[in-house]
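One structure is given below, encoded as structure tokens.
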Amino acid sequence: MSGLEESLQDALEKIEADGLARSLQPGEGVDFTSNDYLGFSTEERFRERLRAGLDEKSLSAPASRLLRGTHPAHLELEKKLAEFKGAEAALIFPTGYQANLGLLTSLLGPQDRVLSDELNHASIIDGLRLSGARKHIFPHLDIDALERELARPHPGGKTFIVTESYFSMDGDIAPLERYAALAEKYSASLLVDDAHATGLFGSERGSGLAEEYGIEGRCAAIVSTFGKALGGFGAFVAGSNTLVKWLVNRSRPFIFTTATPPLLLAMMAAGLELCADPGPRARVHSLARRLRDALAAGGLDCSGSSGPIVPVIVGGNEDALEAADRLQQAGLDVRAVRPPTVAPGSSRLRISVHADHSEGDIDRLASALIELLARKETI
Ligand SMILES: Cc1ncc(COP(=O)(O)O)c(C=O)c1O
């Protein structure tokens, strides 16, 4: 074993001893883990629309967008995405991770100040690190702490507020309207990661929480992804024409990467089209309420969250792993989420309710959770 491999092996053993080792495990059983909240990925209508994409002349676009990678389908979809989000323009990125990196590193620099919720996604954290901006991490959803920091003088650069709208591991919602008002009061720019809300919230278009709060025009940029409720893969940033022009010229994760293949664009367009139907959205919220009510009746309180992300906090890493393992053995695919994805001591079962679950699936999961966690007394 080389010196490098030995040191990796030692570090891996420590990770294992801390109950933090990860391995890749394909899904089996009823899916309560993926972010396919509306069940589109297995929808026949989704498949049909995707098949149409196979008839396109080019299935891939092996070049960057700034060279020959831009296909008419990119421009067509970007126009629809701007309308969907209530923005002037939109720009597709290969993934949400790259969208956050590309947005934050091109907008913020070392002279700027950014106020970021402590539970923001890793892609936001990494984008902020790379940008070199002066960071102030405020306690989760603490609007008073946010305002106190905004009120401090910041001579020189610009000020940004960045937040997820629907938090991926906690299923709670940022007070976006109040953030928008604070951004205006203190001349800051509001950047919203609407990844998990897209397709789930917003009564007219289902485009997310920026729509639900009616603040689309008050955000400097909104990031959305296709790899969650829209059932596909990829992401986009929505904002003003000027913002999108800036990203095209300055966003390195957009510029120096291969364009999204037209075949994937067909999948993205299919998700967008299906999202116009409010039925699956209403159903997933109703099933999530059913699960929370059943858990509450069994003594498990998940009332701090809403919508299809239902976190059941277990605490210890090993306890969370064991609980997930038992559920998997019962045919319920629930996974443990552990640090660094969540704070130490807050390992959890992150349950994701889908519109294509049956009432029976939900009731079975609720009973299994109550039996398991009540018996282990881990909550
Ligand atoms: C809040 C949030 N933003 C961004 C991303 C990254 O999106 P993608 O998976 O498309 O890279 C994720 C999840 O993966 C996320 O949860």
### Query
If the Cβ limit is 8 Å and pairs must be 6+ apart or interchain, which residue in the stretch 211-229 that is within 20 Å of G307 (Cα to Cα) and among the acidic types (D, E) pairs with which residue that is away from the ligand (no atom under 12 Å from the Cβ) and outside any loop (DSSP other than H, G, I, E, B)?
E211/K85
## Note on the structure
Selection from the stretch 61-84 of residues part of a helix (DSSP H, G or I), closer than 26 Å to A276 by Cα and away from the ligand (no atom under 15 Å from the Cβ) yields P72, A73, H74, L75, E76, L77, E78, K79, K80, A82, E83, F84
### Query
Do the conditions hold for L50, that is, is it at pLDDT below 90 and assigned to a helix (DSSP H, G or I)?
yes
#### Entry: Output for the stretch 341-351, where each listed residue is part of a loop (DSSP other than H, G, I, E, B) and in contact (Cβ under 8 Å) with a residue 60 or more places away in the chain
T341, V342
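Name the strands (runs of 3 or more DSSP E) wholly within the stretch 116-225 that hold at least 3 residues that are outside the structural domain of S286 (by TED's automatic domain parsing) and within 16 Å of the ligand (Cβ to nearest atom)? Let's see the steps before the verdict.
Values: elements: 134-138, 159-164, 189-193, 221-225.
Per the criteria, 159-164, 189-193, 221-225.
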### Summary
Filtering the stretch 226-255 for residues that are surrounded by fewer than 22 Cβ atoms within 10 Å (Cβ to Cβ) and within 15 Å of the ligand (Cβ to nearest atom) leaves a count of 2
### E88 being surrounded by fewer than 19 Cβ atoms within 10 Å (Cβ to Cβ) and touching a Pro at 6+ places or on another chain (Cβ under 6 Å)
no
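The values are calculated or read from the model by the stated rules, or taken from the named source; none is laboratory data. Because the structure is a prediction, the values reported are computed rather than measured. FYI the Cβ positions are ideal-geometry reconstructions off the backbone, even for glycines, and counts take in every protein chain you see.
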